[in-house]
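Take a look at the structure below.
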Amino acid sequence: MDSLIQHREVRRTTNSVVKGTDVVIVKSGRRICGTGACLANAPLHQNKSYFEFKIQSTGVWGFGVATQKVNLNQVPLGQDSHSLVLRHDGSIYHNNEEKNRLPANSLPQEGDIVGLTYDHVELNLSLNGKNMHCPASGIRGTVYPIVYVDDSAIIDCQFSDFYHTPPEGFEKILFEQQIF
């Protein structure tokens, strides 16, 4: 899964189709800009997943994990039970509750690489290869990597060929193989 992301459309009850708010995907599906959120195109099936985000341009952004029920038009994410995300201010939110926070001197800046590990219970973060020791949990069900942007933020997604070596036991997202 080297390319990013599926952009889901939102259907209203009046039969009109409204696209998620002005999300633009470029760079072979690896870069997101505009306004709104995108889900990766594969869920996190294995026990220990690792993926990275590079901040190309600052603004309002967030990334983490979410279920397919997440509202891709709601920025910032983390306001309901369908997403668990690190926000640009260093807070980690799930269900409209701050679950943890990066140290004040460790807020990601332009050019920084944020690594995420997820083991089906806990989301943890690294900044430029250094573990931030700020786990967060609470989301349930099948989850996908998610990223959102607003206010001129540009984020690159890395699902393989990482900038930093994943922590021991963690690996890139694996596709579930079907026998039939």
Note on segment 62-79: residues closer than 22 Å to S49 by Cβ and not aromatic (F, W, Y) are G62, G64, V65, A66, T67, Q68, K69, V70, L72, L77, G78
Among the residues in segment 20-27, are any assigned to a loop (DSSP other than H, G, I, E, B) and either modelled with pLDDT of 95 or more or small (G, A, S) (or both)? yes
Being buried (at least 23 other Cβ atoms within 10 Å of the Cβ) and within 18 Å of D89 (Cβ to Cβ) is the filter here, so list the residues in segment 39-61 that pass it. F53, W61
Regarding segment 159-175, can at least one residue be identified that is crowded, with 20+ Cβ neighbours inside 10 Å and more than 20 Å from Y93 (Cα to Cα)? yes
Checked I92, I139, I155 against criteria (part of a loop (DSSP other than H, G, I, E, B) and buried (at least 18 other Cβ atoms within 10 Å of the Cβ)); the one match is I139
Check on S152, hydroxyl-bearing (S, T, Y) and within 19 Å of R31 (Cα to Cα): yes
Lone unmet requirement of (1) more than 14 Å from Y144 (Cα to Cα); (2) assigned to a loop (DSSP other than H, G, I, E, B); (3) in contact with a Pro (Cβ under 9 Å, 6 or more places away or on another chain); (4) not small (G, A, S) for L44: (1)
Go through segment 43-68 and give me each residue that's under 13 Å from the mean Cα position of the chain (by Cα) and over 27 Å from G111 (Cβ atoms). P43, T67, Q68
Looking at G64, G115, G36 in this structure, which one is buried (at least 18 other Cβ atoms within 10 Å of the Cβ), touching a strand residue (DSSP E or B) at 6+ places or on another chain (Cβ under 8 Å) and modelled with pLDDT under 95? G36
Can you spot a residue in segment 126-135 that is in contact with a helix residue (DSSP H, G or I) (Cβ under 8 Å, 6 or more places away or on another chain), of a type outside the set (D, E, K, R), modelled with pLDDT of 95 or more and not in a strand (DSSP E or B)? yes
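The values are calculated or read from the model by the stated rules, or taken from the named source; none is laboratory data. Keep in mind that what you see is a predicted model, and the values were worked out from it rather than measured. As a convention, Cβ positions derive from the backbone with ideal geometry for all residues, glycine included, and neighbour counts pool all protein chains shown.
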